[in-house]
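Here is the structure we will look at.
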Amino acid sequence: MKYTAAQFIQEVLIEPIKDIIEKHPFHAFFLLCPIVEILGKCLNKDSDWHFPNHSKKDFNNALKTLTPLKKYSLLSADLYSIVRCGLLHAGIPKEGIKLCPNNNDLSNNTIGCKELYYDIKCAWEEIKNNDLAKKEMKTELFEVYDSISGGTQTSIHTQLS
């Protein structure tokens, strides 16, 4: 199935995570952290989704720009390094931030999975409803295959033009 960037973010990245949050909130953080970065990429006017060396800039731009995520930028910790990189590169956050299943306690540097998910959903709505995206979100950009040669593997291909 071909997805526009907007459909892909909504239907493939954001919506399915709600099923994981209840049973496996720690695992959900592995999926939520890159979505913060992707939301930041939506705000970036460069048309290349794979623009090199922009991960930290895009992640932090989402925290600074999108109203539902701004509260996370107030933490004294470098969330990009501690949480996003800590989880994606080592499987655990670096010291300085705690993760919990439910709600934030930002005064104690604790990020709650359910609240972060809700804030990401609201940030995505803010992007869509206020035309904040600098990238083209309506052209078919991603193609997802439900199966390959009878298998269940999913692969994603991006448009090269």
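The values are calculated or read from the model by the stated rules, or taken from the named source; none is laboratory data. None of the values given here were measured: they were computed from a predicted structure. So basically every Cβ, Gly included, is an ideal-geometry build from the backbone, and we count neighbours across all protein chains shown.
Descriptive notes on the structure:
- Pair list, Cβ under 8 Å, 6 or more apart: the stretch 86-100 residue more than 11 Å from F30 (Cα to Cα) and modelled with pLDDT under 90, other residue surrounded by 15 or more Cβ atoms within 10 Å (Cβ to Cβ) and of a type in the set (S, T, Y): K94/S81
For (1) in contact (Cβ under 8 Å) with a residue 40 or more places away in the chain; (2) within 24 Å of P93 (Cα to Cα), each residue gets a yes or a no:
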position: T4; (1), (2): yes, no
position: F8; (1), (2): yes, no
position: V12; (1), (2): yes, no
position: I21; (1), (2): yes, yes
position: S47; (1), (2): yes, no
position: H54; (1), (2): no, yes
position: L66; (1), (2): yes, yes
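- Identity of the residue in the stretch 100-128, of a type in the set (S, T, N, Q) and either under 14 Å from I9 (Cβ atoms) or in contact with a Lys or Arg (Cβ under 8 Å, 6 or more places away or on another chain) (or both), that ends up surrounded by the fewest Cβ atoms within 10 Å (Cβ to Cβ): N108
- So D58, is it crowded, with 17+ Cβ neighbours inside 10 Å and free of Cβ contacts under 8 Å to residues at least 24 places away in the same chain: yes
- Of the residues D105, D46, the single one that is within 21 Å of K134 (Cα to Cα), out of contact with any helix residue (DSSP H, G or I) (no Cβ under 8 Å at 6 or more places or on another chain) and among the acidic types (D, E) is D46.
- When we screen K41, K70 for residues that are modelled with pLDDT of 90 or more, within 26 Å of N102 (Cα to Cα) and among the basic types (K, R), the only hit is K70.
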